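Below is one structure, written out as structure tokens, with a few remarks after it.
The values are calculated or read from the model by the stated rules, or taken from the named source; none is laboratory data. Please read these numbers as outputs of a predicted model, since none were measured by experiment. Neighbour counts are summed over all protein chains in view; Cβ atoms, including those assigned to glycine, are modelled from backbone coordinates with ideal geometry.
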Amino acid sequence: MRKLVRLALLVLLAVWAWRKLFGPSGSDERAGISYADGSAVVLEPGTPGFERLASITRAALRT
Amino acid sequence: MDAAKALAELMELSSQITAAVALDGEGSVLAVSSEDPAAAASLTASTLELVAAAEDLGADGGEVTRVEVELDEGAFFVVREGDRIVAATTGPKPTSGLVVYDLRTCVQAIEPAAPKRKRAPRKPKGEAAE
């Protein structure tokens, strides 16, 4: 019985470690802008700039 | 190349693109992939809104050449070259480098409104040498 519990714990630990290391790392949402002068801006989700572009994009995707 | 032909080639070439529009510098539609006028108008409005928002987000409102917005439900790309803009929507997780390359190829293929090279008026021989 004790061996079985230990085996179950090991399996759970292995699954958790696998998902942590190789699993999907959450949302891949991002936005980037390039300008004629060569500069570029990357906007992270949660920032006001990103949310502004994301709402326009959602409207475009609905068409 | 004619804008409609360039856009048709883009739609044929890129399986990831779901809708596309080509605009001139003033925001007038040169060509659009959708046959539905409401959808075309909505995509055009979104494109102009995205470019305006991107210009606002720049350090000093500089001219935008490329905008990419990738969301879980899909992505929206805008590429601008001179006075021509091509925008496209895709499904989720597009190969963004490939989509931008296709859009750039399309925007470069569209003939500009004004001729690219204008012959400068000939100077009299005496003024030519400085």
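Data overview
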quantity: Test result for B:L98, at pLDDT 60 or above and in contact with a Phe, Trp or Tyr (Cβ under 7 Å, 6 or more places away or on another chain); calculated: no
quantity: Verdict on A:G49 being within 14 Å of chain B (Cβ to nearest Cβ), surrounded by 10 or more Cβ atoms within 10 Å (Cβ to Cβ) and within 30 Å of B:G82 (Cβ to Cβ); calculated: yes
quantity: Single residue of region B:77-95 satisfying the filter (over 23 Å from A:D28 (Cβ atoms) and more than 9 Å from chain A (Cβ to nearest Cβ)) that is surrounded by the most Cβ atoms within 10 Å (Cβ to Cβ); calculated: B:V86
quantity: Identity of the residue in region B:1-40, more than 14 Å from chain A (Cβ to nearest Cβ), out of contact with any strand residue (DSSP E or B) (no Cβ under 9 Å at 6 or more places or on another chain) and in a loop (DSSP other than H, G, I, E, B), that ends up nearest to B:V64 (Cα to Cα); calculated: B:E26
quantity: Residue satisfying condition, being closer than 30 Å to B:A38 by Cα and either in contact with a Ser or Thr (Cβ under 7 Å, 6 or more places away or on another chain) or not β-branched (V, I, T) (or both), within set A:A8, A:A14, A:A54; calculated: A:A54
quantity: Pair list, Cβ < 7 Å and 6+ apart or interchain, from region B:16-37 residues that are over 20 Å from A:R62 (Cα atoms) to residues that are of a type in the set (D, E, K, R); calculated: B:D24/B:D83; B:D24/B:R84; B:G25/B:D83; B:L30/B:D24
quantity: Sole residue being touching a Lys or Arg at 6+ places or on another chain (Cβ under 7 Å) and over 20 Å from B:A109 (Cβ atoms), chosen from B:E70, B:E63, B:E55; calculated: B:E70
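Conditions tested, residue by residue: (1) surrounded by fewer than 17 Cβ atoms within 10 Å (Cβ to Cβ); (2) part of a strand (DSSP E or B); (3) more than 7 Å from every other protein chain (Cβ to nearest Cβ).
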residue	(1), (2), (3)
B:S42	no, no, no
B:A45	yes, no, yes
B:L50	no, no, no
B:A53	no, no, no
B:R66	no, yes, no
B:A75	no, yes, yes
